[in-house]
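The structure appears below as structure tokens.
The values are calculated or read from the model by the stated rules, or taken from the named source; none is laboratory data. What you are looking at is a predicted structure, and each value in this text was computed from that prediction instead of being measured. As a convention, Cβ positions derive from the backbone with ideal geometry for all residues, glycine included, and neighbour counts pool all protein chains shown. When the accessible area is computed, the model is the full protein with side chains, heavy atoms only, and any ligands, DNA or RNA have been set aside. Shrake-Rupley method; radii C 1.70, N 1.55, O 1.52, S 1.80 Å.
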Amino acid sequence: MMPALEYRQSTPRFLAARGASSTKLGGRMSGVLASNVAPLRLVHRAEPSLPSGGDWVRLRPLLSGICGSDVSLLTGRSSPYFGAVVSMPFVPGHEVVAETLDDLPGLPKGSRVVVDPVLSCAVRGGEPCRWCVAGQHSRCDRVTAGRVSAGLQTGYCTDTGGGWGRQMVAHAAQLHAVPDTLDDRRAVLVEPLSCAVHSVRRAQVPEGAAVLIVGAGTVGLLTLLALRALTKAGPIYVVAKHAHQHARARELGATEVFQPSRAARAVRRACGGTLEQPMIGGDFLLGGADVAFECTGAGAGLDMALRLVRAGGTVLLSGMPSGGVDLTPVWFRELNLVGSYASSGRPATGTTTETTTAEAAADEQGAGEPAGGTFAEAMALAAEAPLDGYVDAVYPLSRWREALGHAAKAGQLGAVKVAFDPSRN
């Protein structure tokens, strides 16, 4: 038996959490996470068994991050859409640096690894779907099939466990060795950084383009890092609420950083256009940035991004969306609205399929991604970038209520990433 944080959903708890968090009164959201409404409990449960098929290994998580999507899930703000592609009860935690407890070819017991959480065809066995053949494993059509229970990712699958437990299992295809020179606090950022690399590739930012990033939490800051490292973008403007976010964004190469209340006028001044003020709703531009990255996962963030991009521009969703939004700008300004989920993997080998129109589009949207996937680039960036202090709060599982409350108010408290160390008592 092992200690783990276990998620069990019930409709009454989901609705109660959603209703309480939607009040937006002071610290109510963090209060929901720490209350009996939260569908999370610290339990002792059996260690996960190695699935059939070989190439599986047990892992001991060293650090596991608390993602914004985890906070949305626990506060009832995530979409019920995901209920069909998870299995319960599950142990959350998909941003994981861990130590292997078994030998694998080329990866001896005791190796440090980061986990690619997507449970794609390579993990589940059987013939790969067309997306996994093309290396677009984040689009896998078989996340509810195969040799492990349903789950879009590790951390949402009852059979694999997750990083918020003392032990979990993973397939060799999910593991990326961590060099000795990269410490655990940087290594735990590799998975979200890989997602940022993927989103930047998906956006296909033209040389010299004016880019807007809405949000400067973990997702926004790592997206800024990837943009500066991997593209020839022109000015990059960041919308950030808190002073420490302003400072970190400038350190990573932001051209200017704006408060949300000033964003519309600041983007108009920087990018040109006219400011329009509807009777109801936020201001919008006729003109604006060429490309915007929505990195908050909030309806207000997406609404702002749609209103501050020029006609024909691109808005990329990096944060998991929640809340309603007025899509009129997409129609009226003929915007390109692009989703970006997880990271890209390695193309399957030894399999050939007829290229479909959808696959051709996927290749175009993923243009420029490295053949080995995005984790290699993320690992290199994590080693070189000024990321010291990004993981500045680490909690044992026993202090889970405090940890989740801290993560929910990370911006206000001057934090970027909050993590668990499941080995600590």
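Scanning the range 323-334 for residues that are in contact (Cβ under 8 Å) with a residue 12 or more places away in the chain and farther than 17 Å from residue 299 by Cα gives 333, 334. For the range 251-274, a tally of residues being exposed (fewer than 15 other Cβ atoms within 10 Å of the Cβ) and either more than 24 Å from the chain's Cα centre (by Cα) or without any contact (Cβ under 8 Å) to a residue 24 or more places away in the chain (or both) returns 7. Looking across the range 72-119, the residues that are part of a loop (DSSP other than H, G, I, E, B), open to solvent by less than 40 Å² (accessible area, probe 1.4 Å) and touching a Pro at 6+ places or on another chain (Cβ under 8 Å) come down to 93, 94, 95. Output the residues belonging to the range 293-349 that are under 27 Å from residue 173 (Cβ atoms) and in a strand (DSSP E or B). The answer is 316, 317, 338, 339. The single condition among (1) open to solvent by 40 Å² or more (accessible area, probe 1.4 Å); (2) under 30 Å from residue 102 (Cβ atoms) that residue 242 does not meet is (2). Looking at (1) within 18 Å of residue 388 (Cβ to Cβ); (2) over 14 Å from the mean Cα position of the chain (by Cα); (3) open to solvent by 10 Å² or more (accessible area, probe 1.4 Å), find the lone condition where residue 201 falls short. Unmet condition: (1).
Whether any residue in the range 142-152 is touching a residue at least 60 places away in the same chain (Cβ under 8 Å), touching a Pro at 6+ places or on another chain (Cβ under 9 Å) and either part of a helix (DSSP H, G or I) or of a type in the set (A, V, I, L, M, F, W, C) (or both) is what I want to check. Looking for residues that are touching a residue at least 60 places away in the same chain (Cβ under 8 Å), touching a Pro at 6+ places or on another chain (Cβ under 9 Å) and either part of a helix (DSSP H, G or I) or of a type in the set (A, V, I, L, M, F, W, C) (or both), one finds at least one in the range 142-152, hence yes.
The single residue among 139, 166 that is open to solvent by 30 Å² or more (accessible area, probe 1.4 Å) and closer than 20 Å to residue 99 by Cα turns out to be 166. In the range 409-425, the qualifying residues are those that are touching a Pro at 6+ places or on another chain (Cβ under 9 Å) and assigned to a loop (DSSP other than H, G, I, E, B), and the one that is surrounded by the most Cβ atoms within 10 Å (Cβ to Cβ) is 422. Within the range 275-323, restricting attention to residues that are touching a helix residue (DSSP H, G or I) at 6+ places or on another chain (Cβ under 7 Å) and polar (S, T, N, Q), the residue that is modelled with the lowest pLDDT is 322. Go through the range 215-236 residue by residue and tally those that are surrounded by fewer than 24 Cβ atoms within 10 Å (Cβ to Cβ) and within 16 Å of residue 267 (Cβ to Cβ). Counting residues in the range 215-236 that are surrounded by fewer than 24 Cβ atoms within 10 Å (Cβ to Cβ) and within 16 Å of residue 267 (Cβ to Cβ) gives 3.
The residue pairs whose first member lies in the range 411-425 and is of a type in the set (Val, Ile, Thr), whose second member is open to solvent by 50 Å² or more (accessible area, probe 1.4 Å) and not in a loop (DSSP other than H, G, I, E, B), and whose beta carbons are closer than 8 Å, counting only pairs six or more residues apart or on different chains, are 416/392.
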